[in-house]
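**Student:** Have a look at the structure that comes next, please.
The numbers here are math on the coordinates, done by the rules we state, and not lab data. Worth saying up front: this structure is predicted, and the values here are computed from it rather than measured. Counting neighbours? That spans all protein chains shown, and the Cβs are built from the backbone with ideal geometry, glycine included.
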Amino acid sequence: GNSVTQMEGPVTLSEEAFLTINCTYTATGYPSLFWYVQYPGEGLQLLLKATKADDKGSNKGFEATYRKETTSFHLEKGSVQVSDSAVYFCALGGTTDSWGKLQFGAGTQVVVTP
Amino acid sequence: NAGVTQTPKFQVLKTGQSMTLQCAQDMNHEYMSWYRQDPGMGLRLIHYSVGAGITDQGEVPNGYNVSRSTTEDFPLRLLSAAPSQTSVYFCASMKGFGNTIYFGEGSWLTVV
């Protein structure tokens, strides 16, 4: 079945540091890939997505490229801010046999200090 | 535009009690689903629906019941609450294949 593996946290960074969160997946078919962010006490918000190989999703300074050859969708941001402190979830979905079901990774907590 | 609305936001239940978590969306989305979020496990799919009158089980359906009588509403029923059902529950909706999934703000449930 489909699965998503992402790096464990917490990841603690200083403001303006470079952030990378690794995400790899296994799937049948041609899934879409997503990054969701959850701020403390809130629900999940879509951060970015990519629907096919070599697509790059970007939003709010975050980027991730859909790499089919390495089955990866790593999240990056060049200069983090304290307001980026949150839990980040990598997710897979949209295959023809599970088009509405998202498979989530365990989440990575990111803490950015001033 | 309210999006996906969940109620209640917080609830404490005693073991054996039943309750219903409400979910409503005003975006005319065909697809709705319920997830639970537990520490270190991400979100896991409980039940989903691809349209009014159609529901199916997800990864962790035991102890939960759903129905979809209208496009807008997708309630989740806990039949006899157990401490293992202490979790944060998220409702989600989507227009159709390939579209973005929108989440509600979550319902924090504690079973004592």
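**Student:** I want to verify the translational diffusion coefficient of chain B in µm²/s; compute it with Stokes-Einstein, Rh as the Kirkwood radius over Cα pairs, at 37 °C and 0.692 mPa s.
**Tutor:** Details: Rh = 13.9 Å.
D, rounded to a whole number, is 236 µm²/s.
**Student:** Over chain A, how many percent of alpha carbon pairs lie in each 5 Å bin up to the one with the longest distance?
**Tutor:** 2, 13, 24, 25, 18, 10, 5, 2, 0, 0
**Student:** Quick one: which of A:Lys52/B:Lys95; A:Lys60/A:Lys101; A:Lys49/B:Lys9; A:Lys101/B:Lys9; A:Lys101/B:Lys95 span more than 21 angstrom between C-alpha atoms?
**Tutor:** Values: A:Lys52/B:Lys95 19 Å; A:Lys60/A:Lys101 26 Å; A:Lys49/B:Lys9 28 Å; A:Lys101/B:Lys9 24 Å; A:Lys101/B:Lys95 13 Å.
Beyond 21 Å between Cα atoms: A:Lys60/A:Lys101; A:Lys49/B:Lys9; A:Lys101/B:Lys9.
**Student:** Modelling each spin label as a point 7 Å along the Cα-to-Cβ direction, I'd like the B:Gln22/B:Glu59 distance in nm, to one decimal.
**Tutor:** 2.9
**Student:** Let me ask something additional. Which semi-axis lengths, in whole Å and largest first, follow from the square roots of five times the eigenvalues of the Cα gyration tensor of the protein assembly as shown? Walk me through the intermediate numbers first.
**Tutor:** Numbers: eigenvalues 171, 87, 47 Å².
Ellipsoid semi-axes (Å, largest first): 29, 21, 15.
**Student:** Let me ask something else. State, as an integer percentage, the relative contact order of chain A based on alpha-carbon contacts under 8 Å between residues 6 or more apart. Walk me through the intermediate numbers first.
**Tutor:** Details: 301 pairs, mean separation 42.0, N = 114.
Relative contact order comes out at 37 percent.
**Student:** Report the one residue of B:Gly51, B:Met94, B:Ser80 whose Cα lies farthest in the direction of the positive end of the charge dipole of chain B (charges on C-beta: Lys and Arg +1, Asp and Glu -1; origin at the Cα centre).
**Tutor:** B:Ser80
**Student:** Quick check for me: using +1 on Lys/Arg Cβ and -1 on Asp/Glu Cβ, what's the dipole size of the protein assembly as shown about its Cα centre, in debye to the nearest 20? Show your work: numbers first, answer last.
**Tutor:** Numbers: 15 positive and 19 negative charges, 75 e Å.
In debye, rounded to 20, the protein assembly as shown gives about 360.
**Student:** Let me ask something additional. What ratio of Cα Rg to 2.2 N^0.38 Å holds for region B:41-97? Provide the component values of the computation, followed by the final result.
**Tutor:** On the way: Rg = 11.8 Å, N = 57, 2.2 N^0.38 = 10.2 Å.
Expressed relative to 2.2 N^0.38 Å, the Cα Rg reads 1.15.
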